[in-house]
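Here the structure is laid out as structure tokens; the discussion comes afterwards.
The values are calculated or read from the model by the stated rules, or taken from the named source; none is laboratory data. This is a predicted model, so every value here is computed, not measured. FYI the Cβ positions are ideal-geometry reconstructions off the backbone, even for glycines, and counts take in every protein chain you see.
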Amino acid sequence: MSTTQSRSSTDAGGGSTFAEVQETEEFQGLKRTLRRFVFPATVLFLGWYLLYVLLSAYARGFLDNKLFGNINVAYVLGLLQFVSTFVIAYVYSRYAEKHFDPTADAIRHRLEGNES
């Protein structure tokens, strides 16, 4: 067996295979926690994006309304697309720091043989 094969099937010294770790309740819980955030956030963002596209295609009169100066509704909604992307990235990083990272670190330490 090559070095690459042995490293991919077992860790650096903890003795657990990655397949065994994936079957643990701790890892499954980590996946559930990830899905609990990612799926709703994705649906929300795609819904928001598709609303903007549909408004652009079918509600041009509404998007042409001037809010102030040369700034219209379309311009503001377009900028809000960027803002929402950054907000989702920020919220995800905070959520991951609190909910994913501690569990992922514990799993990694166990795989590396650093029980704590």
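At-a-glance table
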| read-out | value |
| --- | --- |
| Count - residues of the range 78-106 that are over 16 Å from residue 37 (Cβ atoms) and either in contact with an Asp or Glu (Cβ under 8 Å, 6 or more places away or on another chain) or among the small types (Gly, Ala, Ser) (or both) | 2 |
| Test: residue 60 is surrounded by 10 or more Cβ atoms within 10 Å (Cβ to Cβ) and more than 30 Å from residue 20 (Cα to Cα) | yes |
| Residues being at pLDDT 85 or above, touching a Phe, Trp or Tyr at 6+ places or on another chain (Cβ under 8 Å) and hydrophobic (A, V, I, L, M, F, W, C) - total across the range 1-37 | 3 |
| Of all residues making up the range 52-104, the number that are part of a helix (DSSP H, G or I) and in contact with a strand residue (DSSP E or B) (Cβ under 7 Å, 6 or more places away or on another chain) | 3 |
| Qualifying position, being under 30 Å from residue 24 (Cα atoms), of a type in the set (A, V, I, L, M, F, W, C) and at pLDDT 95 or above, among 83, 43 | 43 |
| Checking residue 113 against (1) part of a helix (DSSP H, G or I); (2) under 30 Å from residue 24 (Cα atoms), the condition it does not meet | (1) |
| Among (1) within 30 Å of residue 21 (Cβ to Cβ); (2) of a type in the set (Asp, Glu); (3) loosely packed, with under 12 Cβ neighbours inside 10 Å, the one test that residue 112 misses | (3) |
